[in-house]
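Enquirer: What follows is a structure written as structure tokens; I'll ask about it next.
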Amino acid sequence: MSTHALPQPYEYRYRPIVEPDWTRFPAWAAVTAAEWEDAQWQRAHCVKNVKQLRAVVGDLLEERFYADLERDQAERATMAMLLPPQMLNTMAPTSHEAGGPTPAQFTDAFYSDPVRRYMLPVFSDRRHDWPSHPYATRDSLHEHDMWQSEGLTHRYPTKVLAEVLSTCPQYCGHCTRMDLVGTSTATIEKMKFGLKPADRLDGMIAYLQRTPQVRDVVISGGDVANMPWKNVEGFVGRVLDVENIRDIRLATKALMGLPQHWLQPDVVEGVQRLTDKATSRGVQIAIHTHVNHANSVTPLVARATRAMLDAGVRDVRNQGVLMGGVNDSVDQLLDLCFALLDGASIMPYYFYMMDMIPFAEHWRVSLGQAQQLQHGIMGYLPGFATPRVTCDVPFVGKRWVDQVDEYDDVLGMSYWSKNYRTSVERDDPAAVDRKYVYYDPIHTLPAEGQAWWREHGHTEGLITDEAMAAAASSRAAAAAELASTS
Ligand code: SF4
């Protein structure tokens with residue numbers, strides 16, 4: 001028998017998670033562990049613009065990076081810049097070993113860093129041939145069209161999404177809710193909620209009370225970590241009072257981006273009160289977070305997760321987004337899943353294909369690649385922790401990538417069907433017979449497919465007027481309908 005077994009395509013080994021040394025950044029050279037672990041210190045020292053990034057990183061980054069970033073802010077960014085120190089510290093994390101890098105070395109490491117690639121995008125990252133897909137839209141999942149009260153999307157038969165606020169402690173460059181979330185950028189004027197926050201939450205509760213077929217509420221935004229805790233507790237407590245609700249999920253990327261928030265004693269005690277109430281009613285409360293790379297899983301993230309589990313949260317699950325240059329290989333996905341599972345007791349749950357928002361083509365991957373990645377990660381993780389690679393098809397919802405009905409991989413068009421009606425199709429008998437289309441990024445297509453799109457995909461490579469007009473009209477229709485029913 002041979003003693004030289006062939007290597008596995010992926011070689012598992014246990015890797016301890018680490019908190020990178022924040023004192024490598026000039027501005028944080030004297031920051032103590034107590035300051036670092038303080039949520040208020042983190043919020044007060046977020047990086048919100050190029051000037052503040054310079055103040056933190058200084059001459060470690062060469063001018064070429066700052067210029068690239070400034071151009072992206074002016075011409076492409078759909079999300080404002082907002083980076084808690086915790087997140088910035090996971091970029092180019094090992095670059096100071098062996099005496100420290102030169103500015104050229106640090107800049108190169110920063111450019112190629114996977115967390116930087118999606119949290120701090122620069123102009124040269126983006127595609128210049130097809131920066132946006134011709135069918136990209138601001139609200140690509142048509143969530144606003146399905147609002148039943150302001151911020152409450154009813155898309156699936158038994159579950160709803162409650163967007164309780166429109167801000168986050170961190171802004172991700174690829175945010176699918178770029179239409180609503182965050183402050184306006186040079187290219188995107190954000191939609192604004194019209195109702196006062198209390199009235200918006202009242203409207204959501206009223207809908208849940210009059211809709212007994214809903215049993216499951218995802219409470220999101222934005223990020224619930226940006227809502228004052230007493231307001232979160234008050235709203236979740238009212239949701240728990242609705243008889244038909246059996247599952248509640250709190251959506252917070254801050255569990256990773258600002259774990260200090262979830263370690264604050266008043267938050268931990270408040271979560272314990274909510275889970276006590278949920279348990280007494282037989283309801284489950286879980287946390288859904290959003291981690292895209294293994295480097296983001298640090299001991300502070302593990303501590304925050306442990307605090308939530310100890311406070312009675314049923315599970316902490318990860319919903320990552322599949323992105324080119326960030327995590328689009330089997331090794332990167334499995335490294336992330338094992339870091340989550342072994343290091344932080346976070347359950348790998350979904351990897352979404354990116355939604356078709358403007359200026360996202362450099363991040364998006366094709367359905368064919370997503371299917372290969374799903375195949376590549378099978379068998380290494382426990383079955384219960386093997387994430388599903390999922391396509392969120394407009395007007396359909398989440399579909400496992402292998403559930404596609406038909407796939408034209410030359411034109412990059414996949415066709416999907418569904419087995420329920422969304423809230424805007426209640427009177428549409430064809431909704432469950434129709435095929436719905438999702439589009440691959442054009443640059444991933446063979447030459448024949450790219451030529452077809454050059455001829456038929458009337459776009460200047462920017463957000464099309466048609467898409468902007470369609471999004472505006474759908475929002476106006478949703479607002480008018482709301483006004484007429486309230
Ligand atoms: S945390 Fe979520 S909602 Fe907030 S910017 Fe990131 S992806 Fe968007």
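Enquirer: I need the phi-derived Karplus couplings for region 26-34: 6.51 cos²θ - 1.76 cosθ + 1.60, θ = phi - 60°, integer Hz, Gly and Pro marked x.
Expert: With the stated coefficients, region 26-34 comes to x, 6, 10, 4, 10, 6, 7, 4, 5 Hz.
Enquirer: Going through region 390-462, which chymotrypsin sites (Phe, Trp or Tyr not before Pro) have at most 13 other Cβ atoms within 10 Å and a DSSP loop state?
Expert: Sparse-neighbourhood loop chymotrypsin sites (Phe, Trp or Tyr not before Pro): Y420.
Enquirer: A further question follows. Using alpha carbon centroids, what distance separates region 41-110 and region 206-260, in Å?
Expert: 33
Enquirer: Can I ask one more? Rounded to whole Hz and in sequence order, give me ³J(HN,Hα) for region 426-434 from the Karplus expression 6.51 cos²θ - 1.76 cosθ + 1.60, θ = phi - 60°, writing x for Gly and Pro.
Expert: For region 426-434, the Karplus-derived couplings read 4, 9, 10, x, 7, 4, 8, 9, 6 Hz, x marking Gly and Pro.
Enquirer: Pull up the DSSP beta bridges for the chain and report the antiparallel fraction as a percent, rounded to 5.
Expert: If we restrict to bridges inside the chain, about 40 percent are antiparallel.
Enquirer: Grab the DSSP H runs of the chain that are 4 residues or longer, score each as -39,500 (n - 2.57), total them, divide by all residues and round the 222 nm result to the nearest 500 deg cm²/dmol.
Expert: It lands at -10000 deg cm²/dmol.
Enquirer: Along the positive direction of the dipole of the chain (beta-carbon charges: Lys, Arg +1; Asp, Glu -1; about the Cα centre), which of V271, M347, L250 reaches farthest?
Expert: Farthest towards the positive end: V271.
Enquirer: Can you work out the PRE-style zone for E70? Point 7 Å along Cα to Cβ, and I want the residues of region 157-192 with backbone N under 18 Å.
Expert: Backbone N within reach: 186-187.
Enquirer: Could you tell me which of C46, Q8, S423 has its Cα farthest along the dipole of the chain towards the positive end, charges placed at Cβ (Lys, Arg +1; Asp, Glu -1), taken about the Cα centre?
Expert: The listed residue farthest towards the positive side: S423.
Enquirer: How big is the C-alpha Rg of the chain next to the rule-of-thumb value 2.2 N^0.38 Å, as a ratio?
Expert: Dividing the Cα Rg of the chain by 2.2 N^0.38 Å gives 0.97.
Enquirer: Which trypsin sites (Lys or Arg not before Pro) in region 162-231 pass both tests, a DSSP loop state and at most 12 other beta-carbon atoms within 10 Å?
Expert: The qualifying sites are K192, R210.
Enquirer: Report relative contact order for region 51-121 in percent, whole number only (criteria: Cα-Cα under 8 Å, sequence separation at least 6).
Expert: About 45 percent, as a whole number.
Enquirer: Sort V217, V56 so the one with the fewest other Cβ atoms within 10 Å of its own Cβ comes first.
Expert: V56, V217
Enquirer: Taking the Cα centre of region 300-363 as origin, work out the dipole magnitude from +1 charges on Lys and Arg Cβ and -1 charges on Asp and Glu Cβ, in debye rounded to 20.
Expert: The calculation lands at about 340 debye.
Enquirer: What order do you get for S140, S296 when you list them from fewest to most C-beta neighbours inside 10 Å?
Expert: Ranked by crowding around the Cβ, least crowded first: S140, S296.
Enquirer: Moving on. What share of the DSSP beta bridges in region 247-400 is antiparallel, in percent to the nearest 5?
Expert: Once the DSSP bridges in region 247-400 are tallied, antiparallel ones form about 20 percent.
Enquirer: Moving to a separate point now. Only Cα pairs under 8 Å and at least 6 apart count here; give the relative contact order of the chain as a rounded whole percent.
Expert: 16
Enquirer: Going by Cα centres, region 165-200 and region 371-401 are how many Å apart?
Expert: Cα centres, region 165-200 to region 371-401: 28 Å.
Enquirer: Could you give the spread of the C-alpha atoms of region 190-232 along their three principal axes, from largest to smallest, in whole angstroms?
Expert: 30, 21, 21
Enquirer: Further question: Summing +1 for each Lys or Arg and -1 for each Asp or Glu, what net charge is found among the other residues whose Cβ lies under 14 Å from the Cβ of W363?
Expert: Summing Lys and Arg as +1 and Asp and Glu as -1 gives 0.
Enquirer: With +1 assigned to the C-beta of every Lys and Arg and -1 to the C-beta of every Asp and Glu, and no other charges, what is the dipole magnitude of the chain about the Cα centre in debye, to the nearest 20?
Expert: For the chain, the charge dipole is close to 1180 debye.
Enquirer: Just in region 1-83: which trypsin sites (Lys or Arg not before Pro) are loop by DSSP and have at most 11 other Cβ atoms within 10 Å?
Expert: Counting only loop positions with at most 11 other Cβ atoms within 10 Å, the trypsin sites (Lys or Arg not before Pro) in region 1-83 are R13.
Enquirer: Tally Lys and Arg at +1 and Asp and Glu at -1 over the other residues with C-beta under 13 Å from the C-beta of L255: what net charge comes out?
Expert: Result for the neighbourhood of L255: +3.
Enquirer: Still on this structure, I have one more. For L334, what charge total do you get from the other residues with a beta carbon under 13 Å from its beta carbon, if Lys and Arg give +1 and Asp and Glu give -1?
Expert: -3
Enquirer: With 24 Å as the limit, write out which pairs from K51/K196; K48/K398; K190/K418; K253/K398; K196/K277 have Cα-Cα distances beyond it, or answer none.
Expert: Where the Cα-Cα span goes over 24 Å, the pairs concerned are K51/K196; K48/K398; K190/K418; K196/K277.
Enquirer: Continuing with the same structure: If exposed means no more than 12 neighbouring beta carbons inside 10 Å and the site is in a DSSP loop, what's the longest run of the chain without any exposed GluC sites (Glu not before Pro)?
Expert: 244-459
Each reported figure results from applying straightforward, stated rules to the coordinates on display, with no laboratory input. Since the structure is predicted, the reported quantities are computational estimates derived from the model, not experimental observations. For neighbour counting, all protein chains shown are included, and Cβ atoms are generated from backbone atoms with ideal geometry for every residue, glycine included.
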